[in-house]
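Structure first, commentary second.
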Amino acid sequence: QVQLVESRGGLVQAGGSLRLSCAASGRTGSSYHMGWFRQAPGKGREFVAAVDWNGERTVYVDSVKGRFTVSRDNAKNTVYLQMSSLKLEDTAVYFCAASVNFPRRNSYDYGYWGQGTQVTVSS
């Protein structure tokens with residue numbers, strides 16, 4: 001079992017920045033590839049970014065390329081999502097998740113999930 005806990009999100013103005021973190025605990029959390037997803041009201045869960053187990057490879061959805069950066073610190077068992085130049089359409093509940101395969105963009109490829117954290121971008 002792997003337990004994932006996201007940091008508190010928040011309210012940020014458009015154009016601003018916010019960093020989310022996801023702390024992993026339990027069975028060898030650092031050996032999993034990690035992903036970030038988001039879900040806006042009334043919409044399905046959308047892949048945002050993923051990082052492989054040692055942080056060397058990353059993938060992003062096109063809409064966040066150049067604005068978001070995913071990284072990890074295995075010494076701290078923590079994965080990060082640095083979000084910059086935030087837009088109104090980035091408003092969503094953000095989830096981190098763990099997978100045994102990389103890269104994976106479908107939510108059903110992830111076996112462990114955090115509880116989600118709300119990010120709201122205001123104009």
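The values are calculated or read from the model by the stated rules, or taken from the named source; none is laboratory data. Small disclaimer: the values here were computed from a predicted structure and weren't measured. Cβ sites come from the backbone with ideal geometry, for glycine too, and all protein chains shown count toward neighbours. Areas reflect the complete protein model, heavy atoms only, side chains present, ligands, DNA and RNA absent. Shrake-Rupley method; radii C 1.70, N 1.55, O 1.52, S 1.80 Å.
Key figures for this structure:
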| quantity | calculated |
| --- | --- |
| Surface share of carbon and sulfur [accessible, 1.4 angstrom probe, percent] for the range 1-103 | 48 |
| Per residue accessible area of the chain, 1.4 Å probe, in Å² | 52 |
| Fully extended contour minus Cα-Cα distance, from Q82 to R67, at 0.36 nm per residue | 4.6 nm |
| The chain, dipole about Cα centre (Lys/Arg Cβ +1, Asp/Glu Cβ -1), debye to the nearest 20 | 60 |
| Spin-label pair K43/S123, simplified geometry with 7 Å Cα→Cβ offset, distance in nm | 1.6 |
| GluC sites (Glu not before Pro) restricted to DSSP loop in the range 1-98 with at most 10 other C-beta within 10 Å | E56 |
| Trypsin sites (Lys or Arg not before Pro) restricted to the range 22-63 and DSSP loop, no more than 11 other C-beta within 10 Å | R27, K43 |
| Length-normalised contact order for the range 52-123 - Cα pairs under 8 Å, 6+ apart - percent | 27 |
| Chain lengthening between Q115 and S25 when straightened (0.36 nm per residue, less Cα-Cα) | 31.0 nm |
